[in-house]
Amino acid sequence: MENQWKSGGYNALVPKYNSGRKSKLSKEQMDELEKKLSTKDQWHPNEIKSYIKDKWNVSYTYSGIKKLIEGNFDIKLVNS
């Protein structure tokens, strides 16, 4: 570890892996989803869940959709 510090400083000590799970949707799919979501002011998570399943055959749970949207998009979700 001391050699790593000497050769690369702090950045050499930082682990070289990503934390968290890889997204189920590709960058292109996320971009397309963003365009779709911009067509309305509010979305119910089940609407988004159905759209993703129909469009790309990718399944999300209700809570998974909420995490996906809240972590990546600036839209309002309705819960009723």
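The values are calculated or read from the model by the stated rules, or taken from the named source; none is laboratory data. Computed from a prediction, not measured in an experiment: that's the story for all the values here. Please note: Cβ atoms are built from the backbone with ideal geometry, for glycine as well, and neighbour counts cover all protein chains shown. Heavy atoms of the whole protein, side chains included, go into the accessibility calculation; ligands, DNA and RNA do not. Shrake-Rupley method; radii C 1.70, N 1.55, O 1.52, S 1.80 Å.
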*Does Tyr62 satisfy the condition of being hydroxyl-bearing (Ser, Thr, Tyr) and under 15 Å from Leu25 (Cβ atoms)?*
no
*In segment 41-56, what count of residues is obtained for those that are in a loop (DSSP other than H, G, I, E, B) and either within 18 Å of Lys27 (Cβ to Cβ) or open to solvent by less than 90 Å² (accessible area, probe 1.4 Å) (or both)?*
1
*Report whether or not Ile52 is at pLDDT below 95 and hydrophobic (A, V, I, L, M, F, W, C).*
no
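Kindly provide the set of residues from segment 57-70 that are open to solvent by 60 Å² or more (accessible area, probe 1.4 Å) and on the phi < 0 side of the Ramachandran plot, ordered by number.
Of everything in segment 57-70, those that are open to solvent by 60 Å² or more (accessible area, probe 1.4 Å) and on the phi < 0 side of the Ramachandran plot turn out to be Ser59, Thr61, Tyr62, Ser63, Lys67, Glu70.
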